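A.B. asks: So that we are looking at the same thing, I have put the structure below in structure tokens.
Throughout, read-outs are computed from the coordinates displayed, never taken from laboratory work. Every value quoted in this text rests on a predicted model; they were computed, and no experiment measured them. A quick note on method: Cβ atoms are made from the backbone with ideal geometry, for glycine too, and the neighbour counts reach across all protein chains shown.
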Amino acid sequence: MSSNKKLFIQTLGCQMNDTDSQHIAAELEKHKDYSQTDKMEDADLIIINTCSVREKPVQKLFSEIGQFNKKKKEGAKIGVCGCTASHLGKDIIKRAPYVDFVVGARNISKIKDVVDIKGSVEIDIDHDESTYEFATAKTNKYRASVNISVGCDKKCTYCIVPSTRGDELSIPPEMIVDQVQKSVDMGAVEVMLLGQNVNSYGRRFSDGREKSSFTKLLQEVSKVEGLERIRFTSPHPLHMDDEFIEEFARNKKISRCIHMPLQSGSTSILKAMKRGYTKEWFLNRTEKIRSLVPDLRITTDIIVAFPGETEEDYQDTLDVVRQAKFDQIFNFKYSPRPGTEALKLADIEVPDEIGSARLIELIELHKRHLEAIMPTYVGQTLNVLVESLKPNGEICGFTDNYLQVFAKGSDELLGKFVNIKITDNTRTSLKGEIVQ
Ligand code: 5AD
Ligand code: SF4
């Protein structure tokens with residue numbers, strides 16, 4: 001019998017939050033008989049799954065729930081989950097008393113227990129969720145996301161995540177492999193392994209078992225039959241040792257697109273951020289990995305205007321951008337976050353207009369790089385996993401190195417690999433014709 005109770009869930013922030021939202025929805029479907037709706041006005045339960053990495057999404061939370069409260073169906077409940085829930089806790093209910101419950105980023109397994117308890121707040125960052133068997137999350141049919149760890153042991157001085165998600169615990173490898181297998185059984189061809197710091201995997205399990213490593217996990221996951229592509233995010237440049245890079249190059253199932261979050265190209269700013277590596281180490285790692293992996297694409301995260309960032313420091317960042325030739329950059333202007341070490345550096349904050357100008361220049365530099373690189377794909381034939389069909393009859397898919405490609409096609413191609421001869425490009429995607 002289909003359920004009458006409807007859940008509307010809104011996600012702010014990162015990929016991990018998207019997966020968390022899928023877990024929340026799956027838990028509520030399995031244990032509380034909710035089914036999802038994309039119409040907030042029809043929902044009996046509205047959940048907003050938040051991010052607090054930067055200040056903007058936090059401001060957005062309160063304006064968004066205010067709107068939900070005005071427009072919701074009579075009697076509908078509102079819950080706030082995610083990192084802002086961990087960080088603000090009961091203050092959310094103080095500020096917005098119509099919020100029914102608050103569930104932190106490391107307490108998702110409790111959602112079924114608190115959903116019917118008005119005023120409940122579950123935000124324990126030491127809660128062990130690493131062995132909780134979540135209901136299988138429903139994802140894009142061909143792509144699944146699987147968590148490999150919870151929390152983060154790093155203490156990057158700008159980052160609020162360790163205080164919202166707690167210390168790192170690795171999820172046992174057999175649970176991960178089982179989850180990957182289940183996803184493949186449901187039609188997935190590609191899996192995204194998720195953690196705050198994936199390549200420190202295996203240092204601590206909650207049952208005290210022997211340490212393992214991310215390289216070993218990659219080897220185990222790649223044995224899953226029917227799985228064609230493995231992606232992961234985010235690795236930490238500090239832990240990109242030779243063993244890891246060699247496995248990356250050797251393992252044919254691993255996508256040739258890697259995220260290498262630079263944050264800053266200045267060794268002294270990296271030190272102030274407590275990133276643990278230097279400009280030279282980062283460049284050495286990008287060179288090594290590029291030399292072993294043909295057609296590799298590298299994406300990155302960069303923060304400009306970290307407190308104390310001088311013009312010279314910023315020029316170092318531009319220098320790394322020029323040398324590393326990133327294929328995609330997620331740029332951020334430093335945002336002071338509560339409880340972080342960098343907050344103590346308020347007296348050396350970079351003026352906002354300088355931060356904005358640096359951000360714009362960085363974006364322009366990257367645009368010029370994309371304008372040079374993207375046309376070089378025209379004329380090449382690329383192998384593409386077809387993931388969706390657009391209303392205009394175009395299929396959309398991704399190459400092994402994660403280039404987005406469009407072509408005229410039909411729904412029989414969904415989930416298949418096809419060869420596409422590239423005829424045109426934009427700064428961010430390619431267009432072509434299917435060839436045999
Ligand atoms: N200010 C700006 N950007 C931040 N990030 C994390 N914390 C902050 C902050 N306080 C960025 C980093 C990280 C990405 C997920 O968000 O670049 O890699
Ligand atoms: Fe934050 Fe650093 Fe952990 Fe990433 S590695 S989640 S930036 S503390």
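A.B. asks: Within 10 Å of each candidate Cβ there may be at most 15 other Cβ atoms; applying that plus a DSSP loop requirement, which trypsin sites (Lys or Arg not before Pro) in the range 403-436 survive?
C.D. replies: Hits after loop and neighbour filter: K416, R427.
A.B. asks: Only bridges with both residues in the chain count here: give the DSSP antiparallel percent, nearest 5.
C.D. replies: Working: 23 of 70 bridges.
In the chain, DSSP labels about 35 percent of beta bridges as antiparallel.
A.B. asks: Given the DSSP H assignment, sum -39500 (n - 2.57) over each helix run of at least 4 residues in the chain and divide by its residue total; what's the result at 222 nm in deg cm²/dmol, nearest 500?
C.D. replies: For the chain, the value works out to -9500 deg cm²/dmol.
A.B. asks: Still on this model: Counting only pairs 8 or more places apart or on different chains, how many lysine pairs in the range 269-363 have C-alpha atoms closer than 17 Å? The partial results should precede the final answer.
C.D. replies: Working: K271/K279; K271/K344; K274/K344; K279/K288; K279/K325; K288/K325.
The number of close lysine pairs in the range 269-363 is 6.
A.B. asks: Sticking to Cα atoms, compute the Rg of the range 163-281 to one decimal and its Dmax as the biggest Cα-Cα distance, whole number, in Å.
C.D. replies: That works out to 15.4, 48 Å for Rg and Dmax.
A.B. asks: Hey, another quick one. Relative contact order for the range 339-436: what percent, with Cα pairs under 8 Å and sequence separation of 6 or more?
C.D. replies: 24 percent
A.B. asks: Could I ask something else about it? Along the positive direction of the dipole of the range 300-436 (beta-carbon charges: Lys, Arg +1; Asp, Glu -1; about the Cα centre), which of P336, L414, F326 reaches farthest?
C.D. replies: L414
A.B. asks: Between Q436 and A96, what length comes free when the chain is fully extended (0.36 nm per residue of separation minus the Cα-Cα distance, one decimal in nm)?
C.D. replies: Value of the extension gain: 116.6 nm.
A.B. asks: Still on this structure, please answer the following. Of P294, I47, F205, which is farthest on the positive side of the dipole of the chain, counting Cα position, with +1 on Lys and Arg Cβ, -1 on Asp and Glu Cβ, and the Cα centre as origin?
C.D. replies: The residue sitting farthest along the positive end of the dipole is I47.
A.B. asks: Sticking with this structure for a sec: Given axes a ≥ b ≥ c from the Cα gyration tensor, I'd like to know whether the range 242-354 is rounded (a/c under 1.5), prolate (a/b larger than b/c) or oblate.
C.D. replies: prolate
A.B. asks: List the cysteines in the chain whose Cβ has no other cysteine Cβ under 4.7 Å from it.
C.D. replies: C14, C51, C81, C83, C152, C257, C396 - these cysteines have no disulfide-compatible partner (Cβ-Cβ under 4.7 Å) in the chain.
A.B. asks: Still on this structure, I have one more. Could you work out how far the C-alpha centroid of the range 363-395 sits from that of the range 40-69, in angstrom?
C.D. replies: Value for the Cα centre distance between the two parts: 33 Å.
A.B. asks: How do 171-184, 344-357 rank on mean C-beta neighbours within 10 Å, highest first?
C.D. replies: Highest mean packing first, the order is 171-184, 344-357.
A.B. asks: Does the chain come out rounded, prolate or oblate, given a ≥ b ≥ c as the square roots of the eigenvalues of its C-alpha gyration tensor, rounded meaning a/c under 1.5 and, failing that, prolate meaning a/b above b/c?
C.D. replies: Verdict is rounded for the chain.
A.B. asks: Could I ask something else about it? Quick check on the range 105-235: take the gyration tensor over C-alpha atoms, sort the square-rooted eigenvalues as a ≥ b ≥ c, and tell me if it's rounded (a/c under 1.5), prolate or oblate.
C.D. replies: Oblate is the answer for the range 105-235, as a/c is 1.5 or above yet b/c matches or exceeds a/b.
A.B. asks: If you don't mind, another one. Run the simple label-point estimate for L365 and T423 please: 7 Å along Cα→C-beta, distance reported in nm.
C.D. replies: 3.7 nm
A.B. asks: Between K30 and S268, what length in nm is gained on full extension when 0.36 nm per residue of separation is reduced by their alpha carbon distance?
C.D. replies: Values: separation 238, 0.36 × 238 = 85.68 nm, distance 5.00 nm.
Here the answer is 80.7 nm.
A.B. asks: Moving on. Compute the distance in nm between two label points, each set 7 Å from the Cα along the Cα-to-Cβ direction, one at N331 and one at K223.
C.D. replies: 4.6 nm
A.B. asks: In nanometres, what is the gap between the two model label sites at K252 and K416, each 7 Å from Cα along Cα-to-Cβ?
C.D. replies: About 2.1 nm separates the two model spin labels.
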